[in-house]
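*Asks:* Starting off with a structure, shown below.
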Amino acid sequence: MEEFERTELDAPVLDEEAVLAARDEDNALDKNVRLLSPARMVLRRFFRSKLSIVGLVMIVALILFSWLGPVFYNQWGETQEDNGGKVEYATYEVTYTDPETGEEVSFWQTMETGRRLNRLAPLSADHLLGTDDTGMDVFTRLMFGGRISLTISFLAVFTITILGIIFGGLAGYFGGKVDEVIMRICDILICLPGLPLMLIIGTLFDSWHLDSQYRIYLLMLFLTFVSWPGTARLVRGQILFLREQEYMVAAEAMGFSTSRRIFKHLIPNVLPQLIVSMTLSLGSMILYEASLSYLNLGVKAPYAAWGTMINAASDPTILNNHFNVWGPPGFCIIIAVLGFNFIGDGLRDALDPKARR
């Protein structure tokens, strides 16, 4: 009986040690969890997605290729022609009047042009992707074209986001007449046909003989002007919901200024949706730029852009026999759009507060 009672008394000691050990382990786990900031949790979720990593690698590779590529492959310039080809000849029709009979006589004459362009050269050590129909190195132009496409896309999307934050924030916070005026302006701009108007503006630029190197920036500026209402509507809708929250009532009671309440307390809570929207819009902007350049409304020769390089496929001979001229820029556009879409999807999942994984 004493042995049984002794065992019964010893058991709680063992249980208490196990409970204390388990409690210490739980406390340690809780401590580790608390150390994870919201930013680190978002990054952990983002990098847990394989598609997000693939998209990030795609975009980083394109950026390195476009900006660092010419540093290592500098044999040819963006507008430099290869004059190492055969002598070119041109045939002209010559017409003169016979002084005796007074009749006009025409004949064809072949003459040297003095040019030796190495047109449509195949892949070689000198030209990794060959040359185009103007004798320029395709690989070099591919790198410089990436600079134009990516730079324009980033500038346009950031400008759209800034305008959307400013006007959407004002409309959502103040409401009333301010909201009414800004929203009616948005309605008018949304109704404008963007692409037809850009075609008209591009034609005007041709008549004004505007420098082809800068006309694409002006076209994307117009596209930015008609595209910011979508972002403004998104910001307005979020702020209409957030401005009634308790922390906003407390900020107003503490006497914070209007600008501080909008840009320090409201806008940061809208940023997750804006970041996803910006990432997905980058792919759309690249397609817009490529479409305009393909239609000869964007960057024009001799300057390079991915859309301008694809325009060479309008020649049936190049389309059927010289894939190296128009295929690589099309492949780069696909990589860029897919990369931005993968990153956007990953950010959307990582920034979702209801996500458990």
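*Asks:* Taking the Cα-to-Cβ direction at Thr97 and at Leu123 and moving 7 Å from each Cα, how far apart do the two end points lie in nm?
*Replies:* Once both label points are built, they end up 5.9 nm from each other.
*Asks:* So, one more: Kindly write out, for region 128-141 in residue order, the coupling ³J(HN,Hα) from the Karplus curve 6.51 cos²θ - 1.76 cosθ + 1.60 (θ = phi - 60°), rounded to whole Hz, with x marking Gly and Pro.
*Replies:* Once rounded to whole Hz, the list reads 4, 10, x, 10, 8, 6, 9, x, 9, 6, 5, 5, 5, 5.
*Asks:* Right, here's the next one. Explain nothing, just compute: Karplus ³J(HN,Hα) = 6.51 cos²θ - 1.76 cosθ + 1.60, θ = phi - 60°, for every residue of region 245-254 in order, whole Hz, x for Gly and Pro.
*Replies:* 6, 5, 5, 6, 5, 5, 5, 5, 5, 7
*Asks:* Which of the peptides 256-267, 271-282 is most tightly packed, and how do the rest follow, going by the mean number of other Cβ atoms within 10 Å of each residue?
*Replies:* 271-282, 256-267
*Asks:* Further, regarding this structure: In whole Hz and in residue order, list the ³J(HN,Hα) couplings for region 143-154 that follow from phi through the Karplus curve 6.51 cos²θ - 1.76 cosθ + 1.60, θ = phi - 60°; x for Gly and Pro.
*Replies:* Taking θ as phi minus 60°, the curve returns 5, 5, x, x, 4, 4, 5, 6, 5, 4, 5, 5 Hz for region 143-154.
*Asks:* Order 150-161, 39-50 from most to least packed using the mean count of other Cβ atoms within 10 Å.
*Replies:* 150-161, 39-50
Quick note: the coordinates plus some simple rules give every number you see, no bench work behind them. Since the structure is predicted, the reported quantities are computational estimates derived from the model, not experimental observations. Cβ: placed from backbone, ideal geometry, glycine included. Neighbour counts: every protein chain shown.
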